[in-house]
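S.K.: Below are the structure tokens for one structure; questions will follow.
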Amino acid sequence: MSEQIKKIVIVGGGTAGWLSAAVIAAQHKSAPGQGLEVLLVESSDIPTIGVGEGTWPTMKNTMQQIGIKESDLFSRCHAVFKQGGKFVEWVHGNGDFYYHPFTVPLGYGRLDLAPYVSNIESYAVESNFQHHICEAGLAPRTMAEREFNGQCNYAYHLDAGAFAELLKEHCKNNLNVTQIIGTVDKVNLTEDGGIKSIQLQAGEEIAGDLFVDCTGLASLLLGKALGVPFKQCNDVLFNDTALAMQVPYPDPASPIASHTIATAQNAGWIWDIGLTHRRGVGHVYSSEYLSDDDALANLQNYLGEQAKGLEPRKITFDSGHRERFWHKNCVAVGMAAGFVEPLEATAIMLVEISARYIAENMPADTDIMAITAKRFNQQMDYRWQRIIDFLKLHYMLTKRSEPYWQAHCNPDTIPESLQEDLAIWKTRGPVSGDFDSAIELFPAASYQYVLYGMGFKPDFEKRQYLYQQSEQAQQIIQRNAKLTQQMLQTLPPHREYIETWLSTAR
Ligand SMILES: Cc1cc2nc3c(=O)[nH]c(=O)nc-3n(C[C@H](O)[C@H](O)[C@H](O)COP(=O)(O)OP(=O)(O)OC[C@H]3O[C@@H](n4cnc5c(N)ncnc54)[C@H](O)[C@@H]3O)c2cc1C
């Protein structure tokens with residue numbers, strides 16, 4: 001018998017839980033007696049993962065959609081701009097670096113500059129100004145521009161704990177989300193294998209029409225109660241451990257990087273994320289290739305004097321995702337759905353995308369739930385494959401000689417889909433048409449930046465007749481150089497901009 005969907009129960013109060021609650025409640029105007037009832041259950045005994053400080057530019061839209069002002073995000077979450085990623089020593093391990101900026105190359109969609117740049121490894125330098133803006137430590141906008149706007153595309157770096165708190169407050173005060181504090185002890189199933197209710201340790205039973213599992217790595221509802229299997233991908237992406245530290249600035253006026261710095265190590269990489277009040281620094285590595293002691297030594301070596309007195313927090317994870325993400329009346333979002341290493345900050349982006357899909361496609365009644373679930377699963381499965389391929393692309397072209405890096409180059413560890421992409425790109429490089437599906441996460445520009453940054457040069461000579469636009473290409477490259485000079489003169493230093501802006505926004 002068909003029943004109306006009226007009550008959404010979200011379990012878990014980390015970034016995934018509160019962001020999902022906000023997106024669903026904002027869309028469905030959750031209010032007493034109107035729209036959907038949105039309820040979030042979180043445990044006061046089980047901590048959140050407490051990391052996850054890098055976001056994707058999608059967050060700008062999400063903040064606007066749920067009604068959080070950018071200046072509030074910055075002041076409450078010690079947030080800063082993130083203009084992309086800087087990948088240090090991923091190619092040779094001798095001081096080399098390249099950028100994956102968020103702004104697409106100049107002329108993107110009209111003329112592919114790759115066949116015309118002087119050196120393929122400097123593709124991002126010649127085709128895009130953002131490399132230079134990041135290197136100079138500048139903000140992506142001036143005081144003359146408004147919130148959520150900028151001369152360069154950007155996302156945010158933010159304090160994960162403070163972000164969940166801001167979302168929680170916003171959900172409760174402005175979006176009519178009900179918070180229940182309690183630890184789920186038992187999940188009661190319906191006869192057809194869906195979820196009837198959750199039972200809290202204190203005894204309270206909470207029924208619902210749709211359950212959103214945001215219980216993090218525990219995957220309490222979808223994984224444990226409904227038994228949806230986990231599909232590992234650690235044969236492709238080897239990292240399974242992280243050591244995370246919070247590093248104070250030596251001086252409160254220290255400059256703040258406006259990009260994530262990812263520095264390759266002998267068996268993994270170190271992330272370095274600047275916030276206004278501290279940096280978040282951590283080492284992601286493979287326990288098969290590196291001991292915890294050696295990873296700590298890498299981290300201490302990276303931080304030098306600044307590591308003194310700091311204790312890292314160790315986090316272990318299984319790389320992969322659930323075989324299905326929505327089963328019966330339960331959908332998993334965030335780490336309950338899956339997790340792979342945080343190399344391109346895809347986790348929170350997937351939370352945003354999942355929550356938006358659920359909100360926009362919220363089944364009106366139980367009759368169509370299975371159709372919505374099937375479509376959601378198809379999309380999410382595709383996206384996970386694309387993420388896994390894209391992350392692997394960062395490793396498989398390295399010239400580094402350590403066993404970990406060489407194992408990444410072994411074709412047996414490279415998904416067939418990525419091998420096929422590479423076979424095509426050998427002759428012409430990635431083009432927009434390779435990524436024309438509406439559900440793609442990364443544009444061709446992202447693949448170009450990484451592929452060329454890693455030194456992969458397509459054989460453009462083979463069909464030289466296709467590349468006869470040298471004059472136009474040089475004009476764009478020169479225009480980029482001119483724009484770069486203008487921006488270097490007009491954009492303010494990153495910290496200075498944030499401090500001035502927030503003092504006037506109050
Ligand atoms: C080392 C590392 C670095 C990362 N960096 C990034 C990054 O830069 N960018 C990015 O996008 N992502 C990153 N991530 C991923 C990101 O941290 C997560 O995707 C994000 O924080 C969402 O987590 P979550 O809400 O799914 O889980 P959690 O934060 O673990 O929250 C789980 C919630 O479930 C609750 N819960 C669990 N069991 C129960 C129960 N029985 N009853 C009631 N409640 C329960 C807990 O109390 C908690 O509130 C990183 C992850 C790791 C491990």
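The values are calculated or read from the model by the stated rules, or taken from the named source; none is laboratory data. Predicted model, so just to flag it, every value in this text is computed and none were measured. With ideal geometry, Cβ positions are generated from the backbone for all residues, glycine too; neighbour counts draw on all protein chains shown. All accessible areas refer to the heavy atoms of the entire protein, side chains included, with ligands and DNA or RNA removed. Shrake-Rupley method; radii C 1.70, N 1.55, O 1.52, S 1.80 Å.
S.K.: Roll a 1.4 Å probe over the protein heavy atoms and report the accessible area of LEU393 in Å², nearest 10.
M.R.: 0
S.K.: List the trypsin sites (Lys or Arg not before Pro) within region 417-467 that DSSP assigns to loop and that have no more than 16 neighbouring Cβ atoms inside 10 Å.
M.R.: none
S.K.: For the ranges 467-476, 33-42, 346-355, what's the packing order if you count other beta-carbon atoms within 10 Å of each residue, average per peptide, and put the highest first? Provide the component values of the computation, followed by the final result.
M.R.: Working: 467-476: 14.2, 33-42: 18.9, 346-355: 24.9.
Order by mean packing, descending: 346-355, 33-42, 467-476.
S.K.: May I ask for the distance between the Cα centers of region 460-506 and region 142-173, given as a whole number of Å?
M.R.: One Cα centre to the other: 24 Å.
S.K.: Can you pull the Kirkwood radius for the chain, inverse mean 1/r over Cα pairs, to one decimal in Å?
M.R.: Values: mean 1/r = 0.0418 Å⁻¹.
Computed over Cα pairs of the chain, the Kirkwood hydrodynamic radius comes out at 23.9 Å.
S.K.: If one takes the longest principal axis of the Cα atoms in the chain, at what angle in degrees, from 0 to 90 and to the nearest 10, does the Cα axis of helix 416-428 lie?
M.R.: In the chain, helix 416-428 runs at an angle near 30 degrees to the longest axis.
S.K.: So, for the chain, what is the accessible surface per residue at a probe of 1.4 Å, expressed in square angstrom?
M.R.: Here the residues of the chain average 42 Å² of exposed surface.
S.K.: Also: Counting helices only, and only those DSSP H runs with n ≥ 4, report the 222 nm mean residue ellipticity of the chain as the sum of -39,500 (n - 2.57) divided by its residues, in deg cm²/dmol to the nearest 500.
M.R.: -11000 deg cm²/dmol
S.K.: Amide H to amide H, which residues 5 or more places from LYS82 or on other chains are under 5 Å from it, using H placed in the peptide plane?
M.R.: ALA155, TYR156, HIS157
S.K.: Principal axis extents for region 1-100, Cα atoms only, whole Å, descending order, please.
M.R.: Ordered largest first, region 1-100 gives principal extents of 64, 31, 30 Å.
S.K.: Answer with one residue from CYS77, GLN379, TRP326: the one whose Cα lies farthest towards the positive end of the charge dipole of the chain, charges on Cβ with Lys, Arg +1 and Asp, Glu -1.
M.R.: Of the options given, the answer is CYS77.
S.K.: Here's a follow-up. To the nearest µm²/s, what D does Stokes-Einstein give for region 433-506 at 37 °C and 0.692 mPa s, using the Kirkwood radius over alpha carbon pairs as Rh?
M.R.: In µm²/s, the coefficient rounds to 197.
S.K.: Taking the 0 to 90 degree range and rounding to the nearest ten, how far is the long axis of helix 494-505 tilted relative to the main principal axis of the chain, both from C-alpha atoms?
M.R.: Taking Cα atoms only, the helix is inclined about 50 degrees.
S.K.: Using only Cα atoms, locate the centre of region 40-100 and the centre of region 324-373, then give the distance between them in Å, rounded to an integer.
M.R.: If you average the Cα positions of each part, the centres end up 20 Å apart.
S.K.: Now, a different point. For GLU89, what charge total do you get from the other residues with a beta carbon under 15 Å from its beta carbon, if Lys and Arg give +1 and Asp and Glu give -1?
M.R.: -1
S.K.: Continuing with this model, one more query. Could you run the Karplus curve 6.51 cos²θ - 1.76 cosθ + 1.60 with θ = phi - 60° over region 38-51 and give me ³J(HN,Hα) per residue in whole Hz, x for Gly and Pro?
M.R.: 10, 10, 10, 9, 9, 8, 8, 9, 9, x, 6, 5, x, 10
S.K.: Here's a follow-up. Which net charge results when you count Lys and Arg as +1 and Asp and Glu as -1 among the other residues whose beta-carbon is under 10 Å from that of LEU418?
M.R.: On the way: positive: ARG386, LYS392; negative: ASP389, GLU416, GLU420, ASP421.
Computed value for this residue: -2.
S.K.: Only four residue types carry charge here, +1 at the Cβ of Lys and Arg and -1 at the Cβ of Asp and Glu. Report the dipole size of region 363-506 about the Cα centre in Debye, rounded to the nearest 20.
M.R.: 500
S.K.: Then there's this: When the Karplus curve 6.51 cos²θ - 1.76 cosθ + 1.60 is applied with θ = phi - 60°, which whole-Hz ³J(HN,Hα) does each residue of region 156-170 get, with x for Gly and Pro?
M.R.: Values per residue, Gly and Pro as x: 9, 9, 8, 6, 4, x, 5, 5, 4, 5, 4, 4, 4, 4, 5 Hz.
S.K.: Within the chain, what whole-number % of the accessible surface is contributed by carbon and sulfur, with the 1.4 Å probe and all protein chains included in the calculation? Write out the running numbers ahead of the final one.
M.R.: Details: 10120 of 21060 Å².
Of all accessible area on the chain, carbon and sulfur atoms account for 48 percent.
S.K.: For helix 292-303, report the angle its Cα long axis makes with the longest principal axis of the Cα atoms of the chain; keep it between 0 and 90° and round to the nearest 10°.
M.R.: It works out to around 60 degrees.
S.K.: Enumerate the amide H contacts of GLN179 below 5 Å, restricted to partners 5 or more residues apart or on another chain; note that Pro and chain-start residues carry no placed amide H.
M.R.: Amide H to amide H, under 5 Å and 5 or more residues apart or across chains, GLN179 pairs with LEU40.
S.K.: Along the charge dipole of region 243-339, which of ALA307, ASN266, PRO255 sits closest to the positive end, that is, farthest toward it, with unit charges on the beta carbon of Lys, Arg, Asp and Glu (+1, +1, -1, -1)?
M.R.: Going by the charge dipole, the pick is PRO255.
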